[in-house]
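Worksheet: the structure to be examined is printed underneath.
The values are calculated or read from the model by the stated rules, or taken from the named source; none is laboratory data. Note that the structure is predicted; figures quoted are calculated from it, not measured. As a convention, Cβ positions derive from the backbone with ideal geometry for all residues, glycine included, and neighbour counts pool all protein chains shown. Accessible surface is based on the protein model in full, side chains and every heavy atom, while ligands, DNA and RNA are left aside. Shrake-Rupley method; radii C 1.70, N 1.55, O 1.52, S 1.80 Å.
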Amino acid sequence: MSHFLLMVVYALLLSVFFAALWRRNRREQVVLFLQLFIGMVGGGLLVAWLMYPFPSGPPAPIP
Amino acid sequence: MSAPIRSPETTRPETPAAKAAAAAALDAAAGRRGALAAMLAVIFPGLGHLYLGRKARAALFAAIVLVAVVIGAKLDGNLYTPVKDHPLTLLATLGSMGMGLPYFVLLLPLHYTGDVTAQGYDYGTAFLLSAGLMNLLLVLDAWDVGTGRKE
């Protein structure tokens with residue numbers, strides 16, 4: 001699985017979970033789901049874009 | 001002339017002491033219900049909500065937590081166990097154990113440990129730890145619903 005797909009799956013699971021846990025009304029659940037999902041995926045992409053100019057360096061040693 | 005009709009209000013306890021006793025009995029029953037729901041939620045994700053009659057929510061929560069566990073295990077993530085001289089692993093272990101029965105099924109019969117050299121190790125660890133933490137939130141939610149603090 002690609003890194004992006006894993007991030008999307010993770011964001012999807014958490015967004016559905018918190019929308020169902022924190023809101024009871026269906027419309028409010030959908031709104032919260034979209035806020036969380038877009039926030040997580042969009043935030044991840046934004047951080048990736050900001051980090052893009054920086055070199056990754058050598059891989060970390062396996063402990 | 002007909003006899004006066006006794007409304008339900010007239011049959012209820014009127015003295016403050018009787019009212020307090022009735023309220024305490026109700027609180028005790030709600031507390032027991034909440035405690036049992038929370039205990040069931042600790043054992044298996046969604047079980048507490050199922051006990052409280054929230055079948056759809058129970059199925060959704062169980063599915064989310066179990067999907068996270070399966071993905072985490074497929075990616076060979078770390079299923080935390082306490083490591084000597086690393087106190088933070090104790091917290092991570094408690095968080096992972098929050099998933100309840102799946103944690104012990106992975107650990108004992110399946111002897112799952114994860115693979116630090118696997119490509120998806122870090123992602124898998126995040127999924128497994130999140131599954132445990134999500135179920136801990138479900139325990140609190142089951143407690144709140146059971147005691148009547150939440151719908």
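Among the numbered conditions (1) open to solvent by less than 60 Å² (accessible area, probe 1.4 Å); (2) over 22 Å from B:Val70 (Cβ atoms), the only one that A:Val41 does not meet is (2).
Close Cβ contacts (under 6 Å, 6 or more residues apart or on different chains) running from residues in the stretch A:26-53 that are more than 19 Å from A:Leu5 (Cα to Cα) to residues that are assigned to a helix (DSSP H, G or I) comprise A:Gln29/A:Ala19; A:Leu32/A:Ala19. Among the residues of the stretch B:89-124 satisfying the criterion of being open to solvent by 90 Å² or more (accessible area, probe 1.4 Å) and either within 14 Å of another protein chain (Cβ to nearest Cβ) or of a type in the set (S, T, N, Q) (or both), which is nearest to B:Gly48 (Cα to Cα)? Among those residues, the one meeting the criterion is B:Thr113. Look at the stretch B:74-127 and say how many of its residues are part of a helix (DSSP H, G or I), touching a Phe, Trp or Tyr at 6+ places or on another chain (Cβ under 6 Å) and in contact (Cβ under 8 Å) with a residue 24 or more places away in the chain. Qualifying residue count for the region: 5.
Please state which one of B:Leu79, B:Leu52, B:Leu47 is open to solvent by 50 Å² or more (accessible area, probe 1.4 Å) and either more than 13 Å from every other protein chain (Cβ to nearest Cβ) or over 24 Å from A:Leu12 (Cβ atoms) (or both).
Numbers: B:Leu79 fails: open to solvent by 50 Å² or more (accessible area, probe 1.4 Å); B:Leu52 fails: open to solvent by 50 Å² or more (accessible area, probe 1.4 Å).
Residue meeting the stated conditions: B:Leu47.
Working carefully through the options B:Thr113, B:Thr125, find the one that is over 18 Å from the mean Cα position of the chain (by Cα) and modelled with pLDDT under 90. Working first, answer last.
On the way: B:Thr125 fails: modelled with pLDDT under 90.
B:Thr113 is the lone residue from the list that is over 18 Å from the mean Cα position of the chain (by Cα) and modelled with pLDDT under 90.
Does the stretch B:56-64 contain at least one residue that is out of contact with any Leu (no Cβ under 8 Å at 6 or more places or on another chain), more than 12 Å from chain A (Cβ to nearest Cβ), hydrophobic (A, V, I, L, M, F, W, C) and within 28 Å of A:Trp22 (Cα to Cα)? No, the stretch B:56-64 contains no residue that is out of contact with any Leu (no Cβ under 8 Å at 6 or more places or on another chain), more than 12 Å from chain A (Cβ to nearest Cβ), hydrophobic (A, V, I, L, M, F, W, C) and within 28 Å of A:Trp22 (Cα to Cα). Which condition number in (1) within 13 Å of the chain's Cα centre (by Cα); (2) modelled with pLDDT under 95 is the one that B:Asp27 fails? Looking at each condition in turn, B:Asp27 falls short on (1). Note on the stretch A:9-38: residues that are surrounded by fewer than 16 Cβ atoms within 10 Å (Cβ to Cβ), aliphatic (A, V, I, L, M) and within 18 Å of B:Met134 (Cβ to Cβ) amount to 0.
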